[in-house]
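The values are calculated or read from the model by the stated rules, or taken from the named source; none is laboratory data. Being a predicted model, the structure only gives us computed values, none of them experimental. So basically every Cβ, Gly included, is an ideal-geometry build from the backbone, and we count neighbours across all protein chains shown. Remember, those area values only see protein heavy atoms, side chains included, never the ligands or the DNA or RNA. Shrake-Rupley method; radii C 1.70, N 1.55, O 1.52, S 1.80 Å.
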Amino acid sequence: MTLLIVKIVLAVLFGLAGIMKATRSMEQLAGAGMTWVNEYPENSVRLVGILELLGALGVILPTVTGFLPVITLMSSACLGITMILAALHHYKH
């Protein structure tokens, strides 16, 4: 039960962040505190948003549907790599 709650929380947080990066303007994102978006092309920021959204779906959908549960592991690993790369970016700047 606890693992399901963690999956839901991660899916919601990454999903919301992904939707925000995929749909808001660069100015809105920078105004919301994501000043790093000014250092990257808009297409890259959109791609990160879409990948975060897909990762969120990959964390929760296999659990809900029971279809290919290995996708949860792969999605979680990819989101972890995304967070490591984000941490490295923020460490350098």
Can you tell me which residues in the stretch 49-64 are open to solvent by 20 Å² or more (accessible area, probe 1.4 Å) and touching a helix residue (DSSP H, G or I) at 6+ places or on another chain (Cβ under 9 Å)?
-> ILE50, LEU51, LEU53, LEU54, LEU57, ILE60, LEU61, THR63
Output yes when any residue across the stretch 26-36 is touching a Leu at 6+ places or on another chain (Cβ under 9 Å), modelled with pLDDT under 95 and among the aliphatic types (A, V, I, L, M), and no when none is.
-> no
Where PHE67 falls short, out of the listed (1) open to solvent by 60 Å² or more (accessible area, probe 1.4 Å); (2) in a helix (DSSP H, G or I) | (2)
Applying the selection to the stretch 13-40, what residues are without any contact (Cβ under 8 Å) to a residue 24 or more places away in the chain and open to solvent by less than 80 Å² (accessible area, probe 1.4 Å)?
-> SER25, MET26, LEU29, ALA30, GLY31, ALA32, GLY33, MET34, VAL37
Are any residues in the stretch 75-93 of a type outside the set (Ser, Thr, Tyr), assigned to a helix (DSSP H, G or I), open to solvent by 40 Å² or more (accessible area, probe 1.4 Å) and farther than 14 Å from LEU10 by Cβ, and if so, which ones?
-> ILE81, ILE84, LEU85, ALA87, LEU88, HIS90, LYS92
